[in-house]
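Colleague: Just passing along the structure, written as structure tokens.
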Amino acid sequence: MRNKYIEHFEKSQISEKSVPEFKAGDTVRVAVNIKEGNKTRVQNFEGICIAIKGEGTGKTFTVRKIGANNVGVERIFPIYSDSIVDIKVVRRGRVRRAKLFYLRGRTGKAARIKELRK
């Protein structure tokens, strides 16, 4: 059971930031502020969301993409982080799992996810 004062504070923090609805299997583009020296820039990280975990301000999601030389790159982002500028859903995926960790062992066409048809 969580403290009611902490819950009230978290609700006020969450209401300030708008986050799109997405789930595991969706392809998302996350715009992140990168600080290099005294300069800052926005860098996009696009990949498949393989997991969402946590609740409140501690909620995080994991994004996996295939980088250079077919090397898998995963990043874990806190949803309500100040370093995240924007989250955009590129594609909706049709999956039957909440956590897609099995994609780590797959490459090429076996790692594809079907698109959700409306």
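Colleague: Can you give me the relative contact order of the chain as a percent, contacts being Cα pairs under 8 Å and 6 or more apart?
Modeller: 27
Colleague: Another question about this same structure. From the phi of every residue in the range 16-30, what ³J(HN,Hα) in whole Hz does the Karplus formula 6.51 cos²θ - 1.76 cosθ + 1.60 yield, where θ is phi - 60° and glycine or proline is x?
Modeller: In residue order, the calculated couplings are 6, 10, 9, 10, x, 6, 8, 9, 5, x, 7, 8, 10, 10, 9 Hz.
Colleague: Name the longest site-free stretch of the chain, where the excluded sites are GluC sites (Glu not before Pro) in a DSSP loop with no more than 16 other beta-carbon atoms within 10 Å.
Modeller: In the chain, the maximal stretch lacking such sites is 56-118.
Colleague: Which of Gly105, Gly47, Gly93 ends up with the largest GNM mean-square fluctuation for the chain, with Cα atoms connected below 10 Å?
Modeller: The residue that fluctuates most here is Gly105.
Colleague: Near Lys53, which lysines are there with a Cα under 25 Å away, not counting those fewer than 8 places off in the same chain?
Modeller: Straight-distance partners of Lys53: Lys4, Lys11, Lys17, Lys23, Lys65, Lys88, Lys99, Lys114.
Colleague: Take the chain, connect every pair of alpha-carbon atoms lying under 10 Å apart with a spring to form a Gaussian network, then pick out the residue of Phe101, Phe45, Phe61 with the largest mean-square fluctuation.
Modeller: Fluctuation is largest for Phe101.
Colleague: Using only the Cα atoms of the range 4-104, what are the Rg and Dmax in Å?
Modeller: Using the Cα atoms of the range 4-104, the pair Rg, Dmax is 14.7, 49 Å.
Colleague: Moving to a separate point now. Would you look at the GNM of the chain, springs on alpha carbons closer than 10 Å, and say which of Ala98, Ala51, Ala31 moves the most?
Modeller: Between Ala98, Ala51, Ala31, it is Ala98 that shows the largest mean-square fluctuation.
Computed from the coordinates by the stated procedures, all read-outs in this text should not be read as laboratory data. No experiment lies behind these values; they were computed from the predicted model shown. Note that we place each Cβ from the backbone using ideal geometry, even for glycine, and neighbour counts take in every protein chain shown.
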